[in-house]
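Working notes, structure below.
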Amino acid sequence: MNTFAWRFIAVRTMTKSPVALAKQAMRIAKAALPDYSSVYSRHDFTQHQLFAILVLRQFLKTDYRGIIQMLVDFSDLRKALFLKKIPHYSTLCYAEKRLLKKGLLKAF
């Protein structure tokens, strides 16, 4: 493979750290998603934050209420996601449906 092709190969790093994963998910979401799904939304949480929480939910293999409890318990995760408050579990459910509908999140 020539050197030109090597520049476009993405290096995939594996992590076992939920905080590192949250930061990486936020970076990816900021590049791919608008801040809010609608100009009329309440602007409580950005789509980046909700996407990162949903990624963490799948990484930790828990349900909506479980990931919310982890956010309550672990301030490091809240800081990594820039959360001023914790979303209700139903907010995550609606966000996941919206992202799946747009094809931005794969169902596992």
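The values are calculated or read from the model by the stated rules, or taken from the named source; none is laboratory data. None of the values given here were measured: they were computed from a predicted structure. Don't worry about glycine lacking a Cβ; one is built from the backbone with ideal geometry, like all the others, and counts go over all protein chains shown.
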In region 37-64, which residues are polar (S, T, N, Q) and either surrounded by 14 or more Cβ atoms within 10 Å (Cβ to Cβ) or part of a helix (DSSP H, G or I) (or both)? 37, 46, 47, 49, 58, 62
Being aliphatic (A, V, I, L, M), within 19 Å of residue 48 (Cβ to Cβ) and assigned to a helix (DSSP H, G or I) is the filter here; which residues of region 65-94 pass it? 67, 68, 70, 71, 77, 80, 92
Quick one: is residue 27 within 13 Å of the chain's Cα centre (by Cα), assigned to a helix (DSSP H, G or I) and either of a type in the set (D, E, K, R) or within 17 Å of residue 15 (Cβ to Cβ) (or both)? yes
Among (1) modelled with pLDDT of 95 or more; (2) loosely packed, with under 13 Cβ neighbours inside 10 Å, there is one condition residue 67 misses while meeting the rest; what is its number? (2)
Applying the selection to region 50-108, what residues are closer than 19 Å to residue 14 by Cα and aromatic (Phe, Trp, Tyr)? 51, 59, 108
Is it fair to say residue 56 is in contact with a Pro (Cβ under 7 Å, 6 or more places away or on another chain), free of Cβ contacts under 8 Å to residues at least 60 places away in the same chain and not basic (Lys, Arg)? yes
Starting from region 59-78, take each residue that is closer than 12 Å to residue 92 by Cα and list its partners that are assigned to a helix (DSSP H, G or I) and among the small types (Gly, Ala, Ser), counting only C-beta distances under 9 angstrom and pairs at least six apart or across chains. 64/90
